[in-house]
1. Round to the nearest 0.05 the FRET efficiency obtained for residue 13 and residue 58 when R0 = 25 Å and r is the Cβ-Cβ distance.
2. In whole Å, what are the Cα extents of region 1-52 along the three principal axes, biggest one first?
3. Under 8 Å for C-alpha pairs, at least 6 residues apart: give me the relative contact order for region 1-54, rounded to a whole percent.
4. Just in region 1-106: which GluC sites (Glu not before Pro) are loop by DSSP and have at most 16 other Cβ atoms within 10 Å?
5. Three principal axis extents, largest first, for the C-alpha atoms of region 66-119, in Å?
6. List the chymotrypsin sites (Phe, Trp or Tyr not before Pro) within region 18-103 that DSSP assigns to loop and that have no more than 16 neighbouring Cβ atoms inside 10 Å.
7. Taking only protein heavy atoms and a 1.4 Å probe, what accessible area per residue, in Å², does the chain have with all protein chains in place?
8. Of all accessible surface on the chain at a 1.4 Å probe, what whole percent is carbon and sulfur?
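The values are calculated or read from the model by the stated rules, or taken from the named source; none is laboratory data. Only a predicted model underlies this, so the values are computations on that prediction, with no experimental measurement involved. Glycine also receives a Cβ, built like all others from the backbone with ideal geometry; neighbour counts cover every protein chain displayed. All accessible areas refer to the heavy atoms of the entire protein, side chains included, with ligands and DNA or RNA removed. Shrake-Rupley method; radii C 1.70, N 1.55, O 1.52, S 1.80 Å.
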Amino acid sequence: QVQLVESGGGLVQAGGSLRLSCAASGRTISSRDMGWFRQAPGKERENVAATRWTGGSTYYADSVKGRFTISRDNAKNTVYLQMNNLKPEDTAVYYCAATSLYCSGDGCRYAYWGQGTQVTVSS
């Protein structure tokens with residue numbers, strides 16, 4: 001089992017920055033794909049960023065490309081999401097997720113989820 005705890009959310013003005021952290025416990029994240037998702041009220045959950053443990057490739061939704069950066073520190077068992085130039089439409093609950101051990105790529109599902117952290121961007 002992997003337990004994920006997000007932190008770093010809050011209220012920020014448009015154009016500001018936040019860094020979200022996702023601390024994992026129970027099992028290592030070094031051999032798992034890790035992703036950040038968000039869900040705004042009345043909208044479907046969206047995968048905004050992901051990092052694969054094989055090859056280190058990353059994925060970003062078009063809506064956040066050039067503004068968000070995902071990174072991981074395997075020694076700390078933590079994944080980060082640096083969010084710059086935030087916009088009101090980025091307001092959502094942000095979730096961290098992990099795939100099963102040694103699973104990587106589009107065929108993998110995210111098996112473990114955190115509780116989420118609220119990000120609110122004011123205009």
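1. Working: r = 27 Å, r/R0 = 1.08.
The pair residue 13/residue 58 has a calculated efficiency of 0.40.
2. So the three principal-axis extents are 36, 22, 18 Å.
3. That works out to 29 percent.
4. Passing both the DSSP loop test and the Cβ count: 44.
5. 36, 21, 21
6. Numbers: sites: 36, 37, 53, 59, 60, 68, 80, 94, 95, 102; in loops: 53, 102.
Those satisfying the criteria are 102.
7. Here the residues of the chain average 51 Å² of exposed surface.
8. Details: 2890 of 6320 Å².
Of all accessible area on the chain, carbon and sulfur atoms account for 46 percent.
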